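One structure is given here, and the rest of the page talks about it.
Any read-out appearing in this document is the output of simple, stated calculations on the displayed coordinates, not a laboratory observation. All of these numbers come straight from a predicted model, not from anything done at the bench. Positions of Cβ are generated from backbone atoms using ideal geometry, with glycine treated the same way; all protein chains shown enter the neighbour counts.
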Amino acid sequence: MSHGPLASLPQRNYRALTSNTKFAPAVADLAREFAGRAVVGKLNVDQNPRTASRHGVMSIPTLLIFKNGQVVDQIVGAQPAPVLRQRLARRVG
C-alpha cells in the first residue's frame, strides 16, 4: 500500500477501481484534494477479479464511492475531473 495521497489498494481494502491512463491523473488529483477527508485509491482489476465481480464492475474505468462500507455512488467511464470532484464532494460533505 502506498503512503502517498493515492493509495494502491489490495484486494481486501478497496475504494476505487481504475486502470485507465487518462482517468488516473484525475483520480490522483482527487486523492490530493480530498486527503484527510476521503481515501482515494485504485485497484488493478486484472489482479483482483473477485473484487471487481463482487461490485458488478463491467467496464474500466469505474469509480466506486463508499460510505460506511457501502457503495453510495458509481461512475462508469472516463469523466472530466470537475464531474468526479462534484460527485465525491457530494458524498464527503
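Could you tally the net charge around Gly93, taking each other residue with its Cβ under 12 Å from the Cβ of Gly93, Lys/Arg +1 and Asp/Glu -1? Around Gly93, the surrounding residues sum to +4. Taking every Cα-Cα distance in the stretch 39-93 and sorting them into 10 Å bins from zero, the calculated P(r) comes out as 21, 57, 22, 0 percent. Would you mind classifying the stretch 22-64 by shape? Square roots of the alpha carbon gyration tensor eigenvalues, ordered a ≥ b ≥ c; an a/c under 1.5 is rounded, otherwise it is prolate if a/b is larger than b/c and oblate if not. It is prolate, given that a/c is not under 1.5 and a/b is the larger ratio.
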